[in-house]
Amino acid sequence: MSFRISVSGAAADAVRATVPTLVKDLVASGITAQDPTLWGPAVEAEAAMRLGWTESVAVSRPLVAEIVELRAALQARGVTQIALAGMGGSSLAPEVITRTAGVNLTVLDATDPGQVLSALNDNLAGTALVVSSKSGSTVETDSQRRVFERAFRDIGIDPAERIIVVTDPGSPLEASAREAGYRVFNADPTVGGRYSALTAFGLVPSGLAGVDIGALLDEAESISLALAVDSPENPGLVLGAAIAATSPRRGKLAIVSDGTRIVGFADWVEQLIAESTGKLGTGILPVVLELDAPELTEVLPDLQLVRVVADAGTDLFAETGDEVRVSGTLGAQFLVWEYATAVAGRLLGINPFDQPDVESAKIATRGLLDTRPAPEPAAFIADGIEVRGTPHVIGAASDLASAIDALLEELGPDGYVAVQAYVDRLALPELAEIRSKLGTLSKRPVTFGWGPRFLHSTGQFHKGGPATAVYLQILATPSEDLDIPERPFTFGELIQAQASGDASVLAEHGRPVLTLTLTQPKQNISTLFKALA
């Protein structure tokens, strides 16, 4: 079978208690039939416009030949690599698809000037750019497109020969792209971004990069019937119950890749579940963990473990353990998790298709870009690291270690730590190691997100979910900035505004925030790690 699931412990109890009711209520067949009433009257209008992902396989089939044909045409023009400008669902799905297939794709879901320059300087003459955005108004994607257009012109290449656009029909981006002569692929407007893995948003950049996207759709199709049937073995119902119906509810979902051939899948799941469920003060927080993560050795009663494995076995209920194990092909995994997330939304009593708190950070960012105030003075500077924070965190701190201690003192017994790294992740990959160090120090779950990409993922949960987290922002002073054509701000100013805007919104929500700015990033990381020892 293309997908298998095994549950034990609290997850098994949740499945036994909940799935029979889901079967009786015809939830699986209702989702497949795009019944918008499944999530209650308040959600009906939104759901009526957001269930197209249930038929993505059929709708996307005609795209395969078009994408393959365009790939051949680009190769004939000397294109040897594909870059992708996109955020959230527009980038995370193509990233996992191409990495799993072993195919190169430059994913530019960043506003750090160093990371943008890295993409521009990587064989530009042999590159084609896919610009993916449902509306085209996303500031990151718009800025990325502008610098690539200029860069192509600067080396004598017509951007119309190298830029491909994926967007919703009727969007402002579609109109401007067609006017500029760009090749446009229209996506299904009834599919939200985080559910779009099997639509044009997932398929166009992946297919142009060289992935066999027809095979990916075949994998998804092979599980479609099992997901549509109202049966106790329906994997979408089982997984949805396992992650959202434990009693008492386990509000943190640890996702561990343990022997699977799928690369980076947990990052895609993180966005899907966090943005879909983190609202109205509730939700399920995905926590992407390493195999040796300290959280796995702690007894955390609010943490449900999911292992993505090579083979979950044939028995639905395992006799021992307390975890969920899933295995299967990538296409099947995409579809099962989408169904499960929709089921989880019903069990949580929330709308799994909106993201009401994402816009607040965008509004704050726009305000800062319009006014561009002077940076808030640092409370103090420790070995080249500028330290700022909300009053309760920064009040009594005098050095880096005491500031971190003050932040963690705000952490309750059911809380979590959110690390938000607004830095060049290509230049500073070792910064991600801070996640496990904080896990050891706090003995609580720790999420790690590269900024600003996490704003389109866990950013919704951080503001709309339970108010139990503390937030560590890490910024870096760029060695080089980059202007954005026809915009009054640079990439350096943009990423600073995004960090400051999000921090202000978190503070307004009463969330404790500590912001550390690395003025000499490579040297400062070792100083930071010593403060966590």
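Miscellaneous remarks
- Gap separating the Cα centres of the stretch 197-216 and the stretch 1-34, nearest whole Å: 29 Å
- Net charge of Cβ neighbours under 13 Å - reference Gly210; Lys, Arg +1; Asp, Glu -1: +1
- In a reduced charge model with +1 at each Lys and Arg Cβ and -1 at each Asp and Glu Cβ, the chain shows a dipole moment near 100 debye about its Cα centre.
- Shown for the chain: lysine pairs separated by 8 or more places, or found on different chains, whose C-alpha atoms are under 29 Å apart, numbering 23.
- Relative to the 2.2 N^0.38 Å rule of thumb, the chain has a C-alpha radius of gyration ratio of 0.94.
- When shorter helices are ignored and each DSSP H run of at least 4 residues is given -39500 (n - 2.57), the per-residue value for the chain at 222 nm works out to -13500 deg cm²/dmol.
- Sequence ranges 245-256, 365-376, ranked by mean other-Cβ count within 10 angstrom, highest first: 245-256, 365-376
- Under the shape rule built on the C-alpha gyration tensor, where the axes satisfy a ≥ b ≥ c, the stretch 137-188 is oblate, since a/c reaches at least 1.5 while a/b does not exceed b/c.
- Summary of packing: across the peptides 5-11, 129-135, the per-residue average of other C-beta atoms within 10 Å ranks them, highest first, as 129-135, 5-11.
- The order of the peptides 327-333, 402-408 by mean Cβ neighbours within 10 Å, most packed first, is 327-333, 402-408.
- Between the stretch 92-139 and the stretch 362-425, the C-alpha centres lie 29 angstrom from each other.
No value in this document is a laboratory result; all are computed from the given coordinates. This is a predicted model, so every value here is computed, not measured. Heads up, the Cβs are rebuilt from the backbone with ideal geometry, glycines too, and the neighbour counts pull from every protein chain shown.
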